[in-house]
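The structure that follows is given in the form of structure tokens.
The values are calculated or read from the model by the stated rules, or taken from the named source; none is laboratory data. Everything numeric in this text was worked out from a predicted model, so none of it was measured. All Cβ positions, even for glycine, are placed from backbone atoms using ideal geometry, and neighbour counts span all protein chains on display. The area values use the complete protein model at the heavy-atom level, side chains included, leaving out ligands, DNA and RNA. Shrake-Rupley method; radii C 1.70, N 1.55, O 1.52, S 1.80 Å.
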Amino acid sequence: MARARVAVTAGGLLLLAIGGGAWWLLDGIARPPRLAPILESPRSDRPLRAAPPGVYERTAELPRDEERVIAPQRATVDRSPLELPADDEIAALESRGRLLLAGRVIDFDGAPCPGAVLWHRGTPIATSDAAGGYRIEVARLGWGVRGHGASESLAAVKEGVGAGSIEVGDVSRQVDLPLQWRARFGGTTVELGSDRIVPDATVELLAFIARDFPFQPTFRLTTRSDANGAFEFVGIPPYSIALRAESESHASAGWFTCDTRDGSDHLGVPFRMMHRVRVRGWFVPPPAGARLVLLPDLEGEVVRELEKFEAPIDDEGRFDVRIAASMDCRVRLQIDDAPLWSGKFEVPIDAFEVDLGRIEVAEPGVLEVELALPDEVLELGFEVRLQSVRSEFGELRRPIGRDGRARVAPLDQRAQSLAIGFAGGVLSFASDQLPPLLPGETRRWRLAGPEAGELWIVGRVTDRDGTPAVGVDLRMLVPYEGAAYELRAGAISDAAGRFALVADARGANAFLAPGRSIELLARGRRGVRRLEVASALPAAGTVRRLDVVLEPVSRLHGRVVDAKGQPVGDVSLTIAPSELAAEDVRFLAIDFIAANDGTFQVDGLEARDHRVWLDTRNGRIDVGRIDRATITSGRVPVTLTLPANWNE
């Protein structure tokens, strides 16, 4: 029986970069270097199966990817009979951080498509009805400002037929969802080295499109290889996919990716698997209530959050898990999310059983955090976040008491990145690097306030009635000569309306000429507010509590049409104050998306003249100007007419 050593390492995990990074290449497409040439494989007649609703959960928030997927020509259909409720009901729903989407799924012939599974944020959430209709409520992505992400995907998958997706912005809308992709991907599950058929293997496919990668798949598909090892999927998007497979005796070493941007069929691809290895051992003393979290230590083909799996530990501290041969794993022993021990399992490629024996668990080190800040600031309620340098296991978060103190054990025995912020994962304003903590060591870290020349603004954002304003975009700006200089990064208010902003003197003082001041701009779905914060940055560090009450604004709505007056849908546009040039709108712009019937609506505009641009791959096209009176009214529909050559 083979034995393997347990090593605590400082090695990191390399993430796969798709769309500009390195690819593992499958045979003839994208595959790991160790895979052998293509084997011809018969097409499987086994039907495609969508994963059941409720099985998968979201793993991370999405950043916006500027690359857009160009869809094929879509069929023309009548407007869906599924209508949205009254505006006041929609406004109440959106103020709670939710959106309502309604419409029909349309097949390739332009007919309603019943029985299609709808996916949002990598999770199946609904199935289209007998008339192809759907009506779903989803969480809002956040305020649609460039740099914070203005869209994500709603996808539909019809078993054995195809798939499609549309962009979902930050407003409720009625929108039909046509199927767009019917490309196939198929092959044979075989054993690495011998190319022996591995029958009856479960094969899982993750489909990504540009605006969703890399943090979560657009949708997932699952099928099973037949007695000849053959499998096939239908509805592959023209961007990228990741696959893994497992059977009773074999498993793939994590996820393998494939570039499918050419939109063509990829068939006859051998998918090579390795035999499973039994790994066992026991922890001393037995960690009551603990579990073992494993993450394959792969070089590039891993989709980070999706690789994690767990092994149970019995009352005597023993564990017994089966993993693919040669799949070394970084492991962590933890209770809830509190780490007790971390290390690495190294599994020889020729082994069938590995006994790690006795593993001593020492008491972990503890970090004591203290925030020496005013009570009115601590009242907001902060948390400490720890993340190991090049960590595979994500973040560890612990609340900080109203006394400004917290105790936390780091994720592992590596250097730690520390941040102080708010619950909800959207804000932080202080960070530091901490050397590794030794087992049993207690270390103290104290934050006494801003450094010299820094200004911290923290507080809450509310509507006029005192309701916390969720997802409000806040920025500190110095307006100058028709543009604006932003003081460091902005912030997004969390579920309690809290925010934190930092400004420093580096570069800012050059803009703070007489007559200029630092302004705070807050823009949300139901209101906007601009406040003067300071006329100069303080020589000594200063922290200030500032609560912001939004002034209500009206909704700008209308339709996008071409030069002939025909509706133009699914196009991205940008609106910003009209005194700014296209290249200067970065901090004051709002992105929005026209529905497939050309309709749109935008909130959070200040009472001033604005200009609209169409976003294309070749840059921005000026569409026109909207005056202050129209924006203030909010009742007059606006028609945006695109130039004749807008899509060239």
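Restricting attention to the stretch 625-646, which residues are open to solvent by 50 Å² or more (accessible area, probe 1.4 Å), modelled with pLDDT of 80 or more and either part of a helix (DSSP H, G or I) or not polar (S, T, N, Q) (or both)?
Result: R625, D627, R628, A629, P637, A644, W646.
With respect to L455, is the statement that it is part of a strand (DSSP E or B) and either modelled with pLDDT under 80 or more than 17 Å from L380 (Cα to Cα) (or both) true?
Considered against the rule, which asks whether it is part of a strand (DSSP E or B) and either modelled with pLDDT under 80 or more than 17 Å from L380 (Cα to Cα) (or both), L455 comes out as yes.
Out of the residues in the stretch 280-295 that are modelled with pLDDT of 90 or more and part of a strand (DSSP E or B), which is surrounded by the fewest Cβ atoms within 10 Å (Cβ to Cβ)?
For the stretch 280-295, the residue satisfying everything is V284.
Further, regarding this structure: I need every pair where a residue in the stretch 608-624 that is within 17 Å of G569 (Cβ to Cβ) and at pLDDT 80 or above has its Cβ under 8 Å from the Cβ of a residue that is of a type in the set (D, E) and surrounded by 14 or more Cβ atoms within 10 Å (Cβ to Cβ), sequence separation at least 6 or different chains.
Going by the 8 Å Cβ cut-off, the qualifying pairs are D615/D591.
Being within 30 Å of V528 (Cα to Cα) and either at pLDDT 50 or above or in a loop (DSSP other than H, G, I, E, B) (or both) is true for just one of G54, G147. Which residue is that?
After applying the criteria, what remains is G147.
Rundown of residues vs (1) aliphatic (A, V, I, L, M); (2) in a loop (DSSP other than H, G, I, E, B); (3) exposed (fewer than 14 other Cβ atoms within 10 Å of the Cβ); (4) modelled with pLDDT of 70 or more, yes/no style:
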site	(1), (2), (3), (4)
F499	no, no, no, yes
N509	no, yes, yes, no
L512	yes, yes, no, no
L521	yes, no, no, yes
V533	yes, no, no, yes
L537	yes, yes, no, no
G558	no, no, no, yes
D570	no, yes, no, yes
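Within the stretch 217-226, identify whether any single residue is under 25 Å from R104 (Cβ atoms), open to solvent by 10 Å² or more (accessible area, probe 1.4 Å) and in contact with a strand residue (DSSP E or B) (Cβ under 6 Å, 6 or more places away or on another chain), and answer yes or no.
Checked the stretch 217-226: at least one residue is under 25 Å from R104 (Cβ atoms), open to solvent by 10 Å² or more (accessible area, probe 1.4 Å) and in contact with a strand residue (DSSP E or B) (Cβ under 6 Å, 6 or more places away or on another chain).
Among the residues of the stretch 329-363, write down those that are open to solvent by 40 Å² or more (accessible area, probe 1.4 Å) and either over 24 Å from G440 (Cβ atoms) or within 36 Å of the chain's Cα centre (by Cα) (or both).
Passing the criteria: I335, D336, D337, L340, E346, P348, I349, D350, F352, E353, A362, E363.
Applying the selection to the stretch 150-180, what residues are assigned to a loop (DSSP other than H, G, I, E, B), at pLDDT 75 or above and within 14 Å of Q601 (Cβ to Cβ)?
Result: S172, V175.
I want to confirm something. Restricting to the stretch 69-124 and keeping residues that are modelled with pLDDT under 85 and in contact with a Leu (Cβ under 7 Å, 6 or more places away or on another chain), which single residue is surrounded by the fewest Cβ atoms within 10 Å (Cβ to Cβ)?
L84
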